[in-house]
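Undergrad: Got a structure here, written out as structure tokens. Questions coming.
The values are calculated or read from the model by the stated rules, or taken from the named source; none is laboratory data. Model, not experiment: these values are computed from the prediction. Note that each Cβ is placed from the backbone with ideal geometry, even for glycine, and that neighbours are counted across all protein chains shown.
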Amino acid sequence: MRFEKAAIPLGFAWSSPFVRWQGVLSEMSSLDLAVDVTRRALEDRGLAPEGIEKLVLGWTVPQPGIFYGAPTVAARIGAEGVSGPMISQACATSAVCVETAAMGVEGGDGLTLVVATDRTSNGPVLSYPRPSAMGGAPLIENWVLDNFARDPWAGEAMIATAEHVAREADLSRQELDEVTLLRYQQYRRSLDRERAFQRRYLVPVAVPAGRAGVRMVEADEGVHETTAEGLAALRPVQPEGVITYGSQTHPADGCAGCIVTTVERARELSGGEGVARILGSGLARVEKARMPKAPVPAAERALADAGLTMADVDVVTTHNPFAVNDLWFARQTGYPLERMNPYGCSLVYGHPQGPTGLRLIAELIETLRERGGGVGLFTGCAAGDTGAALVLRVE
């Protein structure tokens, strides 16, 4: 889809730190997390919640009260009277939320708040009634674990999709380890000068710590120290496979958000810092059980709608649950691996699902700001052999 009116004010895309699942955020509802992080993000940016006209809420893991999610979050941050759509599209949730907000702006909407939040820790176990089953026994689903383990259409686990692509593209274990190590080295750059780059967009989380106390989480938790020797020592997850626990991401908990509005209003909010114009978006689906391929056609569609090609792109960020994703993307597009994810990615700091893309979009914007502007592409895969992409231009 092509956009002409929608933009994100520079400085108005943010994320919480990501915490490996079963960590310090494991007992905090993702809706409570969204309220805490969004309140602080708006306050830090001097934006009164009363000025928000619409909310787009993204999530993928049900939480208590999610039935009332969007209006409840809006009211709790001080934007009473505001509501909007709730979107759940697995790992593509963030990109679709931003696309939805941009579509609204193109149609006349004003200031739109996008929030994406998820807690993969302690996902719900659902009981579906089956009165006709023996003894009326219900169908039980572990929302997170069962869906990690099997795509009901393709019939295979997500890791199997990566192994299929690695085999078809003849990607070696050594190549996967090398790109994984590169991504960890890039992430370490974001920690330089007391995390100067991350502090441009990360918003701390206040986690209840008993007896009215709180613990402030200001940085990612659960990122492993990774070396070439350590990666080489890991066994493949699947027999005869090439993917290890080092070259795939880990589940996490987190929240991210941004403001989408008209270019004119975005310029006002940024206080002269500029805007990230939203130029195009794309969704794609590839053949069964080949999920890591999907970011390529999604990116091609987004770029085509924006009237651009890969040659016009200055920086790429990717949601890459497997190192396979980036190697496939680089081979298919010719885009250099070292120009992708210059400050890390979800392969390193984890994947809370809903907010992952928004964090990568925030990092994309800040990287383009750092270089003085330019065109950026976010793209990533999602469950169901799906890909989603967004093209931005920072001015």
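Undergrad: What's the number of the condition GLY376 fails, among (1) in contact (Cβ under 8 Å) with a residue 24 or more places away in the chain; (2) small (Gly, Ala, Ser); (3) assigned to a loop (DSSP other than H, G, I, E, B)?
TA: Only one criterion is unmet by GLY376, namely (3).
Undergrad: Of the residues that make up segment 243-256, is at least one over 30 Å from PHE3 (Cβ atoms) and of a type in the set (Val, Ile, Thr)?
TA: Yes, because at least one residue in segment 243-256 is over 30 Å from PHE3 (Cβ atoms) and of a type in the set (Val, Ile, Thr).
Undergrad: Moving on. Of everything in segment 214-237 that's β-branched (Val, Ile, Thr) and at pLDDT below 95, which residue is surrounded by the most Cβ atoms within 10 Å (Cβ to Cβ)? Talk me through it step by step, then tell me what you get.
TA: Restricting attention to segment 214-237, the residues satisfying the condition of being β-branched (Val, Ile, Thr) are 214, 217, 223, 226-227, 237.
This time we only want the ones that are at pLDDT below 95, so: 214, 226.
Details: VAL214: 12, THR226: 18.
Ranking the candidates gives THR226 first.
Undergrad: How many residues does segment 226-284 contain that are assigned to a loop (DSSP other than H, G, I, E, B) and not charged (D, E, K, R)?
TA: Narrowing segment 226-284 to residues assigned to a loop (DSSP other than H, G, I, E, B): 226-227, 233-235, 237-243, 245-247, 249-250, 271-274.
Adding the requirement that they be not charged (D, E, K, R) leaves 226-227, 233-234, 237-239, 241-243, 245-247, 249-250, 271-272, 274.
Looking only at that region, the number is 18.
Undergrad: Another question about this same structure. Hey, among the residues in segment 374-387 that are within 23 Å of LEU202 (Cβ to Cβ) and touching a Gly at 6+ places or on another chain (Cβ under 7 Å), which one's surrounded by the most Cβ atoms within 10 Å (Cβ to Cβ)?
TA: As a first pass, look at segment 374-387 and keep what is within 23 Å of LEU202 (Cβ to Cβ): 374, 376-380.
Next cut, touching a Gly at 6+ places or on another chain (Cβ under 7 Å) only: 378-380.
Numbers: PHE378: 30, THR379: 33, GLY380: 30.
Among those that are within 23 Å of LEU202 (Cβ to Cβ) and touching a Gly at 6+ places or on another chain (Cβ under 7 Å), it is THR379.
Undergrad: Could you count how many residues in segment 41-69 are under 24 Å from GLY11 (Cβ atoms) and either outside any loop (DSSP other than H, G, I, E, B) or of a type in the set (S, T, N, Q) (or both)?
TA: Within segment 41-69, the subset under 24 Å from GLY11 (Cβ atoms) is 41-58.
Filter once more, so that each one left must be either outside any loop (DSSP other than H, G, I, E, B) or of a type in the set (S, T, N, Q) (or both): 41-44, 49-51, 54-58.
So the answer is 12.
Undergrad: Among (1) farther than 28 Å from ALA160 by Cβ; (2) touching a Phe, Trp or Tyr at 6+ places or on another chain (Cβ under 6 Å), where does THR226 come up short?
TA: Result: THR226 passes all but (1).
Undergrad: Here is a follow-up. Is it true that ALA34 is in contact with a strand residue (DSSP E or B) (Cβ under 9 Å, 6 or more places away or on another chain), in a strand (DSSP E or B) and under 17 Å from SER16 (Cβ atoms)?
TA: On the way: in contact with a strand residue (DSSP E or B) (Cβ under 9 Å, 6 or more places away or on another chain): yes; in a strand (DSSP E or B): no; under 17 Å from SER16 (Cβ atoms): yes.
Answer is no for this residue.
Undergrad: With respect to THR356, is the statement that it is more than 21 Å from TYR187 (Cα to Cα), in contact (Cβ under 8 Å) with a residue 60 or more places away in the chain and either crowded, with 22+ Cβ neighbours inside 10 Å or among the polar types (S, T, N, Q) (or both) true? Walk me through it before giving the result.
TA: Numbers: more than 21 Å from TYR187 (Cα to Cα): no; in contact (Cβ under 8 Å) with a residue 60 or more places away in the chain: yes; either crowded, with 22+ Cβ neighbours inside 10 Å or among the polar types (S, T, N, Q) (or both): yes.
It is false that THR356 is more than 21 Å from TYR187 (Cα to Cα), in contact (Cβ under 8 Å) with a residue 60 or more places away in the chain and either crowded, with 22+ Cβ neighbours inside 10 Å or among the polar types (S, T, N, Q) (or both).
Undergrad: If a residue has to be of a type in the set (Gly, Ala, Ser) and outside any loop (DSSP other than H, G, I, E, B) to count, how many in segment 138-165 make the cut? Spell out the reasoning first.
TA: Start the filter on segment 138-165 by keeping residues that are of a type in the set (Gly, Ala, Ser), which leaves 149, 154-155, 157, 160, 162.
When the remaining residues are screened for being outside any loop (DSSP other than H, G, I, E, B), the result is 149, 160, 162.
So the answer is 3.
Undergrad: Being farther than 30 Å from LEU33 by Cβ and either among the hydroxyl-bearing types (Ser, Thr, Tyr) or exposed (fewer than 10 other Cβ atoms within 10 Å of the Cβ) (or both) is the filter here; which residues of segment 121-151 pass it?
TA: PRO131, SER132, MET134, GLY135, GLY136
Undergrad: OK, next. Looking only at segment 379-388, count how many residues are out of contact with any Pro (no Cβ under 7 Å at 6 or more places or on another chain) and not in a loop (DSSP other than H, G, I, E, B). Explain how you work it out, then say what you get.
TA: First, pick out the residues of segment 379-388 that are out of contact with any Pro (no Cβ under 7 Å at 6 or more places or on another chain): 382-386, 388.
Retained after the next criterion (residues that are not in a loop (DSSP other than H, G, I, E, B)): 382, 386, 388.
Of the residues in segment 379-388, 3 are out of contact with any Pro (no Cβ under 7 Å at 6 or more places or on another chain) and not in a loop (DSSP other than H, G, I, E, B).
Undergrad: Another one. Kindly indicate whether any position in segment 193-213 is closer than 28 Å to VAL56 by Cβ, surrounded by fewer than 20 Cβ atoms within 10 Å (Cβ to Cβ) and among the small types (Gly, Ala, Ser).
TA: Within segment 193-213, one or more residues are closer than 28 Å to VAL56 by Cβ, surrounded by fewer than 20 Cβ atoms within 10 Å (Cβ to Cβ) and among the small types (Gly, Ala, Ser).
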